[in-house]
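Peer 1: Would you mind keeping the following structure in view while I ask a few things?
The values are calculated or read from the model by the stated rules, or taken from the named source; none is laboratory data. What you see is a predicted model; the values in this text were computed from it and never measured. When we count neighbours, we look across all protein chains shown, and the Cβ atoms used for this are built from the backbone with ideal geometry, even at glycine. These accessible areas exclude ligands, DNA and RNA; they are computed on the full protein's heavy atoms, side chains included. Shrake-Rupley method; radii C 1.70, N 1.55, O 1.52, S 1.80 Å.
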Amino acid sequence: MAFFTEIHTLKVAFLTLGCKVNQYETDAMKEQFKRAGAKIVSFRDKADVYIINTCSVTNVADKKSRQMLHRAKKKNPQSMVVAVGCYVQAAKEKLKEDSFVDLIVGNNKKKDIVSIVADYLDHQQRSDHVLDIHHVNEFEEMGISHIEGHTRAYIKVQDGCNQFCSYCIIPYARGRVRSRKLDDVILEIKHLVQQGIKEFVLTGIHLSSYGVDQEDMNLLSLIQEVAKIQGVLRIRLGSLEPGIITEEFVQEIVKIPQLCPHFHLSLQSACNDTLKRMNRKYTIEEYKDKCNLLRKYYDFPAITTDVIVGFPGETEEEFAITKRNLEELNLYEIHVFKYSKRKGTRAETMPNQVDDSKKHQRSQELLEMTGRQKSDYEKKLCGETVSVLLEETVEIDGIVYYTGHTMNYVKIGVIGKYLSSNQLVEAIITDYSAKDFLIAKSV
């Protein structure tokens with residue numbers, strides 16, 4: 001076909017902004033262009049086509065998306081600049097007027113990216129390919145058959161969100177919950193196992209809701225089926241909602257030896273009044289119960305979370321409650337975010353917006369706390385024998401370490417002979433250091 005001849009002549013560059021789901025989709029789009037014969041080049045290089053997989057989770061993300069689109073066109077004014085993804089869904093009309101952007105491609109149209117670019121090459125006419133995402137019910141099957149330079153694979157199993165938290169634009173950019181067919185998930189993982197991938201991260205926009213739009217399928221059954229695949233040595237989960245952590249769920253996953261005891265349990269605030277304004281559907285007491293449940297069945301689980309400081313109406317008293325509860329929870333790591341207004345959300349127009357100086361102060365206090373708690377968690381590992389999936393080498397002060405992660409996602413620098421990337425080794429943790437990893441010796 002004629003357009004494949006044209007695609008074959010192209011140098012195509014990609015840039016991914018935002019989440020792991022976006023990164024997965026970028027990898028899938030790259031693979032499509034490779035199959036069509038295009039040459040994939042770095043975004044830093046001069047390219048014929050620049051494809052920016054945008055993010056719209058905050059106003060700052062919107063701004064970054066615009067900047068990268070404009071930067072691409074300035075690199076090569078004769079190039080084709082393609083905006084894809086969440087910012088396209090949130091700002092379609094604005095992008096249609098942007099002279100730096102040649103094509104706009106929304107969510108659930110990324111699977112057609114090669115034919116869309118080919119059509120533009122044929123007609124040289126600006127166009128947009130944006131669905132009304134609110135009425136999309138099908139999961140966009142893209143799939144990845146090959147991964148280069150990675151020891152773990154992210155597997156997108158779900159898209160969309162039905163939660164409508166008051167600060168979040170994602171349900172409007174990604175649409176409602178859509179789950180991937182089990183057969184497609186299994187097929188993709190089997191292909192990647194054949195390439196030597198040992199660890200798989202199940203990810204989605206709202207992973208906990210996997211299967212709610214299907215019969216006889218949920219996240220637990222998905223995990224159980226993935227665990228049956230020969231060669232899958234580790235299964236890691238993306239961000240979870242507290243509600244999925246029930247006695248039955250934990251009793252079942254603890255039976256799966258490949259399931260990593262690293263749980264990113266979404267929180268956002270540790271104060272009930274703030275949670276209510278956020279439209280989060282749990283209390284801090286319920287969240288504590290979920291953490292205790294995980295600690296009941298796992299000896300030393302790594303529980304991590306996200307917390308937003310400075311949400312509209314967050315008083316000094318509310319923040320003090322959050323801080324006190326986080327001290328009690330004693331999580332492995334807290335990712336701290338300063339609230340940022342997002343146009344189109346309810347929180348944008350809420351009264352009592354918190355000024356930036358208070359947000360900064362509160363952020364610093366929680367960062368100090370999580371640094372201390374993370375350090376305490378890691379120090380308790382000294383002397384333990386752990387399984388480490390090796391990833392890359394780092395040389396510090398003349399010593400070569402092979403770095404990788406434990407099942408709990410603690411970063412380890414292993415010293416030893418005959419080590420190589422993507423190798424699973426047993427190692428004894430010998431030292432806690434100020435480096436960004438613990439030191440261990442292979443056994």
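Peer 1: Taking the Cα centre as origin and putting +1 on Lys and Arg beta-carbons and -1 on Asp and Glu beta-carbons, what dipole magnitude results for region 248-400, to the nearest 20 debye?
Peer 2: Magnitude of the dipole: close to 680 debye.
Peer 1: Using +1 at the C-beta of Lys and Arg and -1 at the C-beta of Asp and Glu, which of Asn408, Val443, Gln353 has the Cα lying farthest in the positive direction of the dipole of region 339-443?
Peer 2: The Cα lying farthest towards the positive end belongs to Gln353.
Peer 1: How many angstrom separate the Cα center of region 141-217 from the Cα center of region 317-390?
Peer 2: 26 Å
Peer 1: Would you mind putting 198-207, 256-265 in packing order, based on average other-beta-carbon counts within 10 Å, highest first?
Peer 2: Order by mean packing, descending: 198-207, 256-265.
Peer 1: With a ≥ b ≥ c the root eigenvalues of the C-alpha gyration tensor of region 1-83, is it rounded (a/c under 1.5), prolate (a/b larger than b/c) or oblate?
Peer 2: Oblate, because a/c is 1.5 or more while a/b does not exceed b/c.
Peer 1: Okay, moving on. If the reach is capped at under 17 angstrom between alpha carbons, list the aspartates and glutamates near Lys228, excluding any in the same chain fewer than eight residues apart.
Peer 2: Straight-distance partners of Lys228: Asp183, Asp184, Glu188, Glu199, Glu252.
Peer 1: Can you say what percent of the DSSP beta bridges in region 299-411, counting only those with both residues inside, are antiparallel? Round to 5.
Peer 2: Given both bridge residues lie in region 299-411, the antiparallel proportion sits at roughly 55 percent.
Peer 1: What's the magnitude of the charge dipole for region 365-443 around its Cα centre, counting Lys and Arg as +1 and Asp and Glu as -1 at the beta-carbon? Answer in Debye, nearest 20.
Peer 2: 200 debye
Peer 1: If the only charges are +1 at each Lys and Arg Cβ and -1 at each Asp and Glu Cβ, what is the size of the charge dipole of region 101-240 around the Cα centre, to the nearest 20 debye?
Peer 2: Dipole size: approximately 600 debye.
Peer 1: Quick check: the distance between the Cα centres of region 5-56 and region 76-103, to the nearest angstrom?
Peer 2: 15 Å
Peer 1: In the chain, carbon and sulfur make up what percent of the accessible area (probe 1.4 Å)?
Peer 2: For the chain, the apolar C and S fraction of the accessible surface comes to 49 percent.
Peer 1: Right, something else. What value, in deg cm²/dmol to 500, does the helix sum -39500 (n - 2.57) over DSSP H runs of n ≥ 4 give at 222 nm once divided by the residues of the chain?
Peer 2: -10500 deg cm²/dmol
Peer 1: I would also like to ask the following. Want the number for Ser127 to Asn330: 0.36 nm per residue separation, take away the alpha-carbon distance, what's left?
Peer 2: Residue separation times 0.36 nm, minus the Cα-Cα distance, leaves 68.0 nm.
Peer 1: OK, next. Could you provide, to the nearest whole Å², the per residue accessible area of region 273-313 with probe 1.4 Å?
Peer 2: Spelled out: the 1.4 Å probe surface of region 273-313, per residue, equals 42 Å².
Peer 1: Residue farthest toward the positive end of the dipole of region 263-390, with Cβ of Lys/Arg at +1 and Asp/Glu at -1: which of Ser387, Tyr297, Pro312?
Peer 2: The listed residue farthest towards the positive side: Pro312.
Peer 1: Another question, if that's okay. How are the alpha carbon pair distances in region 68-207 distributed across 10 Å bins from zero to the largest one, expressed in percent?
Peer 2: 11, 33, 32, 23, 2
Peer 1: Check the cysteines of the chain one by one and keep only those with no other cysteine Cβ under 4.7 Å from their own.
Peer 2: Cys19, Cys55, Cys86, Cys161, Cys260, Cys271, Cys291, Cys382
Peer 1: Once you've got the Cα coordinates, tell me which of Lys281/Lys358; Lys63/Lys156; Lys73/Lys198; Lys30/Lys441 are over 29 Å apart.
Peer 2: Lys73/Lys198; Lys30/Lys441
Peer 1: For Thr274, Thr315, give the ranking by accessible area with the largest first, probe 1.4 Å.
Peer 2: I get Thr315, Thr274, largest accessible area first.
Peer 1: Right, next: How much length is gained if the chain between Tyr297 and Ile428 is pulled fully straight, taking 0.36 nm per residue apart and subtracting their Cα-Cα distance, in nm to one decimal?
Peer 2: 44.8 nm
Peer 1: For Lys343 and Asp376 in the same chain, what is the full-extension length gain: residue separation times 0.36 nm, less their Cα-Cα distance, in nm?
Peer 2: 8.0 nm
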